[in-house]
Amino acid sequence: MEQGKFPRHYLEAWGIAKSFKGTRVMSDMNFRVERGELVSLLGPSGCGKSTLLRIIAGLLEADEGAVVLGGREITRFPAHKRNVSVVFQNYALFPHLTVAENVAFGLRARGMAKSATGAPVSEALSLVRMTEFADRPISALSGGQQQRVAVARALVVGPDLLLLDEPFSALDRKLRETMQVELKSLLLDRGITAVFVTHDQEEAMGVSDRIAVMNAGRIEQFADPSTLYARPASPFVMDFVGLSTRISGRVVSSDAGTIAVDTAYGRLSARSDVTVGKDVLLGVRPELIAVEAGENTIGVPLTDVMVLGSKTVLHGTARGGDRILCELPGIRGGLKRGDAVTLGWAVDDTLAYEVAP
Ligand SMILES: Nc1ncnc2c1ncn2[C@@H]1O[C@H](COP(=O)(O)OP(=O)(O)OP(=O)(O)O)[C@@H](O)[C@H]1O
Ligand SMILES: [Mg+2]
């Protein structure tokens, strides 16, 4: 490793490049995780999440770059020489073995005598609340129970790093939410460093300290959930993490960090340093919009009013590629499709991105 580049981070994958059959899917990827952090890789299908995870696990070799864990470079270590556990989407359990035998497998593979595996296996099963199922075959378990066994099997070896590739995707929504809460508190309690792969933004926001939003083999933004949501670094991140009202326009004036933008709905302002004459995309999170005039105000007819219980979502008539969304807390009667409404929000809540004309 080059002098002066010695990493200060617990996990560091830097300068990673990977091609498959001559097609570059990742280049100069830099990804850092601190000890005890729970981090998610979030992005659309094919953006390279599993590829990065597999390179960290040693299941795939990078063409360029290095992987460092706990101060040790492990780039050339085979998977079984890295103390890294992986939980896959399909759990990859052995169906003919019992729950306890599955959990013991990693310990046995590391040379532990069968007689010594009892205590750590019991502890791991108790952690995931599967003690009573120890002697059941895997084939006699539900999806959620299998998921717990996969987690127990990953944790029993005391990994330096836990990698999870879409661990909940086979579960229904209710069970997925329960498992997310359980796994997060388990990892936090034990101080385990973990990287989750997901393409579910709510899952990423719910389980992670930080989220790396990936797009086409690059990390577009790596930040905590609140920053990602409130200050997305690009239109891609804004759209991938949550919904927003989107209005396109052109900057007509700029004064001390505030721009005025001409749009199909009139003139709107944002804090931005995009220069006069440039095309911009304005974004506002729907729950920051009120049905009354604000610093920025537009008037639109409603195309839909969706009462969802915990919130009511208003859809305004959009022009071109624009989208008008306003979210009000709770059940809001009195508004219906076709009503002309005034929507307003603060200049500080207005995101602005320069876009190609
Ligand atoms: N073994 C392989 N051979 C050829 N191309 C591959 C291989 N593995 C991955 N790729 C390609 O690399 C890119 C990244 O794939 P990867 O599996 O990392 O995506 P992902 O973000 O995990 O997607 P998903 O959410 O669908 O799991 C994709 O374009 C994929 O087709
Ligand atoms: Mg994948």
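Three principal axis extents describe the C-alpha atoms of region 72-135; from largest down they are 40, 29, 23 Å. Rg of the Cα atoms in region 243-354, relative to 2.2 N^0.38 Å, amounts to 1.06. Cross-link reach is defined here as a Cα-Cα straight distance under 28 Å, omitting same-chain residues fewer than 8 places apart; for residue 18 the lysines meeting it are 5, 49, 81. Annotation: aspartates and glutamates with alpha-carbon distance below 19 angstrom to residue 278 (same-chain offsets under eight excluded): 255, 262, 322, 354. Quick one: compute the contact order of the chain, relative version, from alpha carbon pairs under 8 angstrom and 6+ residues apart, as a percent. Over the chain, the number comes to 15 percent. Taking GluC sites (Glu not before Pro) across region 54-120, the ones in a DSSP loop with at most 12 further Cβ atoms lying within 10 angstrom of their Cβ are 61.
Restricting region 67-154 to trypsin sites (Lys or Arg not before Pro) that sit in a DSSP loop and have at most 14 other Cβ atoms within 10 Å of their own Cβ leaves 76, 110, 129. Take every pair of alpha-carbon atoms less than 8 Å apart whose residues are at least six positions apart; their mean separation over the length of region 6-127 yields a relative contact order of 22 percent.
Approximating the spin labels as points 7 Å out from Cα along Cα→Cβ, the residue 123-to-residue 340 distance works out to 7.1 nm.
Calculated accessible area for region 11-236 comes out at 45 Å² per residue, all protein chains present (probe 1.4 Å; ligands, DNA, RNA ignored).
Sites listed here are trypsin sites (Lys or Arg not before Pro) in region 166-230 whose DSSP assignment is loop and whose Cβ has at most 15 other Cβ atoms within 10 Å, and the list is empty. Between residue 8 and residue 60, the simple spin-label model (points 7 angstrom out along Cα→Cβ) gives 3.1 nm.
Comparing Cα centroids, region 11-76 and region 198-250 end up 20 angstrom apart.
Full extension of the segment from residue 233 to residue 140, taken as 0.36 nm per residue of separation minus the current Cα-Cα distance, would add 28.8 nm.
Average the reciprocal distances over every distinct pair of alpha-carbons in region 11-236, invert the result, and give the Kirkwood radius in Å. Kirkwood radius, region 11-236: 18.1 Å.
A convex hull fitted to the Cα coordinates of region 3-121 yields 150 cubic angstrom per residue. Residue ranges 35-48, 225-238 sort as 35-48, 225-238 when ordered by packing (mean number of other C-beta atoms within 10 Å per residue, highest first). Seen against the Cα atoms of the chain and their longest principal axis, helix 173-190 is set at about 60 degrees. Surface composition of the chain: carbon plus sulfur atoms hold 50% of the accessible area, using a 1.4 angstrom probe and ignoring ligands, DNA and RNA. Show which lysines lie in cross-link reach of residue 311 when reach means a straight Cα distance below 25 angstrom and same-chain residues fewer than eight apart are skipped. Partners found: 174, 336. Using R0 = 30 Å, the C-beta based FRET efficiency linking residue 355 and residue 306 works out to 0.55.
The values are calculated or read from the model by the stated rules, or taken from the named source; none is laboratory data. Remember, predicted model here, so these are calculated numbers, not experimental data. Cβ coordinates were reconstructed from backbone atoms using ideal geometry, including for glycine residues, and neighbour counts include every protein chain displayed. The accessibility values were calculated without ligands, DNA or RNA, using every heavy atom of the protein model including side chains. Shrake-Rupley method; radii C 1.70, N 1.55, O 1.52, S 1.80 Å.
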